[in-house]
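The values are calculated or read from the model by the stated rules, or taken from the named source; none is laboratory data. For clarity, every value in this text was computed on a predicted model and none was experimentally measured. Here Cβ is always computed from backbone atoms with ideal geometry, including for glycine, and neighbour counts include all displayed protein chains. Ligands, DNA and RNA are excluded from the accessible area calculation, which covers all protein heavy atoms including side chains. Shrake-Rupley method; radii C 1.70, N 1.55, O 1.52, S 1.80 Å.
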Amino acid sequence: MQSFAELAARRRTVRRYRPDPVPREDIEAILEAARWAPSGMNMQPWEFVVVTDEQTRRELGELARYYVIHSQHVGRAPVVIAVCGRKRRSPFARDDCIFAGANILLAAADRGLGTCWIGGFKEEKVKELLRVPRSMTIVGLVTLGYEDSETKPPPRRELSEMVHWEAYGSAERPRRLSDLRRWGPQTVLRKFLREQKPEKRDGAS
Ligand SMILES: Cc1cc2nc3c(=O)[nH]c(=O)nc-3n(C[C@H](O)[C@H](O)[C@H](O)COP(=O)(O)O)c2cc1C
């Protein structure tokens, strides 16, 4: 059994999925983990819309756009979960939904399932498609399914560069500009674009 530390380090954003359906028990077990997420004043202002219908998923894939980023894999994952928040119930609805979302990603990884948190999508259009009331917010879409080809972890900043003991300012400065390039947006974008090509099975993304 993997420890929590191993699970946290091994969870990966997956953008290439096998078409195999995910058993309903697995989806429910993953959402059960979301149910136990913390929430401000324990308001639990989240709702989860689980989409397996092919046509709806394809339409979601079209709506998963943010400026030049088009997360086409949303249309190819066997399951998409919309994490919705009741803004009127809690001022912390968005934060709460993100905690619930994190539990979804980790619980899925624990069951050998891949996920991708999608923050870039046409929210109002997705609300219409999924009949989510306008008074609510859709904080994120989560794609869920079995990984098609192993995803290499993207680089992370070093712990020593981000931890400031006692007060801000004591962390190490990144030594070279190339350190920033190692994990920065350019690297992430290149990886994203590579993973949008489903036909090319590579482990070296
Ligand atoms: C708030 C947020 C928004 C994200 N939005 C998208 C998105 O719209 N499309 C996408 O393909 N990945 C998206 N991601 C996934 C990130 O690109 C990914 O988490 C990051 O590159 C690190 O990779 P890892 O999750 O494998 O560690 C998002 C992640 C977060 C936390």
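Hey, if we sort ARG194, ARG12, ARG157, ARG173 by accessible area with the 1.4 Å probe, largest down, what's the order?
Values: ARG194 75, ARG12 35, ARG157 100, ARG173 190 Å².
The ordering from most to least exposed comes out as ARG173, ARG157, ARG194, ARG12.
For the chain, which whole percent of the accessible surface, found with a 1.4 angstrom probe, sits on carbon and sulfur atoms? Walk me through the numbers before you get to the answer.
On the way: 6690 of 12610 Å².
Answer for the chain: carbon and sulfur cover 53 percent of the accessible area.
Lys and Arg at +1, Asp and Glu at -1: add these up for the other residues within a Cβ distance under 9 Å of ILE30 and post the number.
Details: positive: ARG111; negative: ASP26, GLU28, GLU32, ASP110.
So the surrounding residues net to -3.
With every protein chain present, what is the per residue accessible area of the chain (1.4 Å probe, Å²)? Don't skip to the end; give the middle numbers.
Details: 12610 Å² over 205 residues.
Counting only protein heavy atoms, the per-residue value for the chain is 62 Å².
Where in the chain is the longest stretch that carries no GluC sites (Glu not before Pro) classed as loop by DSSP and with at most 15 other Cβ atoms within 10 Å?
Details: sites that count: GLU150, GLU158, GLU166, GLU172, GLU199.
That would be 1-149.
Taking a probe of 1.4 angstrom, what is the accessible area of VAL163 in Å², to the nearest 10?
The value for VAL163 is about 50 Å².
Can you sort ASP110, ASP148, ASP96 by solvent-accessible area, 1.4 Å probe, largest first?
ASP110, ASP148, ASP96
Determine ³J(HN,Hα), in whole Hz, for all residues of segment 14-25 in sequence, where each value follows from phi through the Karplus function 6.51 cos²θ - 1.76 cosθ + 1.60 and θ = phi - 60°; x replaces Gly and Pro.
So the J values, rounded to whole Hz, are 10, 10, 10, 10, 6, x, 3, x, 9, x, 4, 4.
Output wanted: per-residue J couplings in Hz (rounded whole) for segment 82-93, from phi through Karplus 6.51 cos²θ - 1.76 cosθ + 1.60, θ = phi - 60°, x for Gly and Pro.
8, 9, 10, x, 8, 4, 6, 7, 8, x, 9, 3
DSSP beta bridges in the chain, what fraction antiparallel, as a percent rounded to 5?
Antiparallel: roughly 95 percent of the beta bridges in the chain.
Can you list residues from other chains, or at least 5 along the same chain, whose modelled amide H is less than 5 Å from the amide H of TYR17?
Long-range HN contacts for TYR17: ASP148.
Can you divide the C-alpha Rg of the chain by 2.2 N^0.38 Å and report the result to two decimal places?
On the way: Rg = 17.9 Å, N = 205, 2.2 N^0.38 = 16.6 Å.
My calculation over the Cα atoms of the chain gives 1.08.
Step through the table entries LYS122/LYS191; LYS125/LYS191; LYS87/LYS191; LYS122/LYS197, compare each Cα-Cα distance with 30 Å, and write down the pairs that go over it. Numbers along the way, then the final one.
Values: LYS122/LYS191 23 Å; LYS125/LYS191 27 Å; LYS87/LYS191 34 Å; LYS122/LYS197 22 Å.
Long pairs (Cα-Cα over 30 Å): LYS87/LYS191.
Normalized C-alpha radius of gyration of segment 28-122, against 2.2 N^0.38 Å?
Values: Rg = 13.7 Å, N = 95, 2.2 N^0.38 = 12.4 Å.
After normalising by residue count via 2.2 N^0.38 Å, the value is 1.10.
Near the amide H of GLY145, under 5 Å away, which other amide H atoms are found, from residues 5 or more places off or on another chain, if H is placed in the peptide plane?
GLY114
Spelling out what I want: for every residue of segment 37-51, take phi, set θ = phi - 60°, compute 6.51 cos²θ - 1.76 cosθ + 1.60 (Karplus), and round to whole Hz; glycine and proline get x.
Per residue, the Karplus-derived 3J(HN,Hα) values read 5, x, 8, x, 6, 6, 7, 6, x, 9, 9, 10, 9, 9, 10 Hz.
What residues from segment 109-146 fall in the zone where the backbone N is under 12 Å from a label point 7 Å along the Cα-to-C-beta line of ARG88?
133-137
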